[in-house]
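Let me begin by presenting the structure, written as structure tokens, before commenting on it.
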Amino acid sequence: MPSREGYTMVWRSFVAVGDSFTEGMDDRDPSGHGYRGWADLVAAHLATAAAARGEEFHYANLAIRGRLFDAVVSEQLPPTLAMRPDLVSFAAGGNDALRRNFDGPALIARFDEIVAQLRGNGADVIVFRFADMSRRLPGKRIILPRTSYLNDAVLEVAERHGAYLVDMWSDEELSANTAMWSEDRLHLSTIGHRRVAGHVLHALGLAPDPTWMDVPPAQRRPLWPAARFADARWAARYLAPWIKRRLQGRSSGDLVTAKRPDLSPILPPTS
């Protein structure tokens with residue numbers, strides 16, 4: 001991991017790369033337009049630090065929901081390298097782990113190459129060990145070993161290339177507390193995005209808003225009939241449309257464009 005002992009890192013630009021996790025689903029932007037999410041929160045925090053130094057901070061978010069690893073790389077890596085930011089977050093592969101043709105070793109080999117390329121381009125890089133999605137989704141016997149494999153490999157890549165590692169896998173609250181997740185069981189809630197933003201800032205050696213790490217009260221586990229009704233409603237509302245898109249070769253992000261495609265100034269929050 002990068003050594004922060006004895007000095008403070010200074011970043012003037014940040015590019016976020018990935019899929020729905022980085023786009024910010026399902027944290028609705030307070031402006032009413034689109035999603036906010038952990039990356040926007042981190043960017044705002046870094047903008048505040050830059051403003052305190054009398055500097056301007058620039059931020060781009062290229063992430064698009066539904067993107068598989070190869071699409072993230074082909075669409076988002078070239079503009080990221082061209083922008084030459086100080087800091088890049090790279091999170092991809094979660095959608096691939098839900099597909100039947102998942103090839104873990106091939107994905108990680110490319111992941112290693114991409115992190116090396118970003119580091120060679122002069123950027124500090126943030127990577128992630130994902131939370132345990134198998135606790136909320138069907139197919140645990142498939143999802144859990146794939147997630148575990150990716151997380152172990154990402155740890156090795158981070159250590160090899162000196163990337164900042166955000167370890168969501170080790171956060172039991174993030175994996176187990178349903179308040180951290182939206183109704184679709186796949187995307188983070190507003191509370192979850194704040195917690196991830198807190199983990200990212202901690203990994204960077206910075207102090208987040210302490211309320212971002214607050215743990216909401218544990219929700220009571222519903223009785224068996226209520227739980228089965230909730231599962232059926234979830235399957236009809238979210239799982240069935242997801243399967244239909246897979247069968248039709250479509251993605252939830254087919255008509256979506258990046259919310260911040262270029263490095264542009266971001267103002268620190270006013271409150």
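In whole percent, what relative contact order does the range 130-209 give with Cα contacts below 8 Å and a gap of six or more residues?
27 percent
Measuring from a point 7 Å past the Cα of HIS202 along Cα-to-C-beta, which residues in the range 11-43 have an amide N at less than 18 Å?
The answer is 38-39, 41-43.
Cβ under 12 Å from LEU263's Cβ, LEU263 left aside: what net charge do those residues give with Lys, Arg +1 and Asp, Glu -1?
Net local charge, LEU263 excluded: 0.
Counting only heavy atoms of protein chains, what accessible area per residue, in Å², does the chain have with a probe of 1.4 Å?
Accessible area per residue, the chain: 50 Å².
Dipole of the range 1-112, Cα-centred, from +1 at each Lys and Arg C-beta and -1 at each Asp and Glu C-beta, to the nearest 20 debye? Walk me through the intermediate numbers first.
Details: 11 positive and 15 negative charges, 6 e Å.
Dipole of the range 1-112, to the nearest 20 debye: 40 debye.
Report the one residue of ALA16, PRO208, SER175 whose Cα lies farthest in the direction of the positive end of the charge dipole of the chain (charges on C-beta: Lys and Arg +1, Asp and Glu -1; origin at the Cα centre).
My answer, from the dipole projection, is SER175.
Dipole of the range 139-185, Cα-centred, from +1 at each Lys and Arg C-beta and -1 at each Asp and Glu C-beta, to the nearest 20 debye?
300 debye
Answer with one residue from ILE114, ALA163, ALA235: the one whose Cα lies farthest towards the positive end of the charge dipole of the chain, charges on Cβ with Lys, Arg +1 and Asp, Glu -1.
ALA235
Grab the DSSP H runs of the chain that are 4 residues or longer, score each as -39,500 (n - 2.57), total them, divide by all residues and round the 222 nm result to the nearest 500 deg cm²/dmol. Spell out each step's value before the answer.
Values: 9 runs with 112 residues, N = 271.
Per the formula, -13000 deg cm²/dmol.
What number, in percent, do you get for the relative contact order of the range 115-271 if the mean sequence gap of Cα pairs under 8 Å and at least 6 apart is divided by its residue count?
17 percent
How large, in percent, is the carbon and sulfur part of the accessible surface of the chain at a probe radius of 1.4 Å?
That fraction is 55 percent.
Over the range 94-205, one equal point on each Cα, no solvent: what is log10 I(q)/I(0) by the Debye formula at q = 0.13, 0.15 Å⁻¹?
Evaluating at q = 0.13, 0.15 Å⁻¹ gives log10 I(q)/I(0) of -0.52, -0.69.
Evaluate E = 1/(1 + (r/R0)^6) for ARG228 and ALA82, where r is the Cβ-Cβ distance and R0 equals 51 Å; express this FRET efficiency to the nearest 0.05.
Details: r = 51 Å, r/R0 = 1.00.
In this case the efficiency is close to 0.50.
Of LEU144, LEU87, HIS193, which is farthest towards the positive pole of the chain's charge dipole, taken about the Cα centre with +1 and -1 on the beta-carbons of Lys, Arg and Asp, Glu respectively?
LEU144
Kirkwood-based Rg over Rh for the range 182-271 (C-alpha set), two decimals? Each step should come with its number before you reach the end.
Working: Rg = 18.5 Å, Rh = 17.2 Å.
Ratio of gyration radius to Kirkwood radius: 1.08.
On a 0 to 90° scale, report how tilted helix 104-120 is relative to the longest principal axis of the chain, with both axes built from alpha carbons and the result rounded to the nearest 10.
Value to nearest ten degrees: 20.
For the chain, what is the charge dipole size about the Cα centre, in debye to the nearest 20, if Lys and Arg each add +1 at the Cβ and Asp and Glu each add -1 at the Cβ? Walk me through the intermediate numbers first.
Working: 33 positive and 32 negative charges, 240 e Å.
It comes to approximately 1160 debye.
Could you grab the relative contact order for the chain? Cα pairs under 8 Å, six or more apart, rounded to a whole percent.
Working: 428 pairs, mean separation 71.9, N = 271.
Worked out over the chain, it gives 27 percent.
How much accessible surface area, in Å² rounded to 10, belongs to the heavy atoms of MET9 with a 1.4 Å probe?
50 Å²
For the Cα atoms of the chain, what angle does the longest principal axis make with the long axis of helix 69-83, in degrees from 0 to 90, nearest 10?
Between helix and principal axis, roughly 20 degrees.
If you take every DSSP beta bridge fully contained in the chain, what fraction is antiparallel? Give it as a percent rounded to 5.
The answer is about 25 percent antiparallel.
Please state the Cα pair-distance histogram of the chain with 10 angstrom bins from zero: what percent is in each bin?
With a bin width of 10 Å, the distribution comes to 6, 30, 38, 20, 5, 1.
Could you list, bin by bin from short to long, the percent of Cα-Cα pairs of the range 11-75 in 5 Å steps?
4, 18, 23, 20, 17, 11, 4, 1
Kindly identify the range 51-152 as rounded, prolate or oblate by the Cα gyration tensor criterion: order the square roots of the eigenvalues as a ≥ b ≥ c, call it rounded if a/c is under 1.5, otherwise compare a/b with b/c, prolate if a/b is larger, else oblate.
Note, shape of the range 51-152 comes out prolate.
Note the angle between two axes, namely the Cα long axis of helix 140-161 and the longest principal axis of the Cα atoms of the chain, as a number of degrees from 0 to 90, rounded to the nearest 10.
That helix lies at roughly 10 degrees to the long axis.
Using 0.36 nm times the number of residues separating THR48 and LYS244, minus their current alpha carbon distance, what extension gain do you get?
That pair, THR48 and LYS244, stretches by 66.2 nm at full extension.
Give me the distance in nm between label points sitting 7 Å out from Cα along the Cα-to-Cβ direction at ARG185 and ASP112, one decimal.
It works out to 3.5 nm between the two label points.
The values are calculated or read from the model by the stated rules, or taken from the named source; none is laboratory data. Quick caveat, the model's predicted, so the values are computed rather than measured. Backbone-built Cβ (ideal geometry, glycine too); neighbour counts: all protein chains shown. Just the protein is used for accessible areas: all its heavy atoms, side chains included, with ligands, DNA and RNA removed. Shrake-Rupley method; radii C 1.70, N 1.55, O 1.52, S 1.80 Å.
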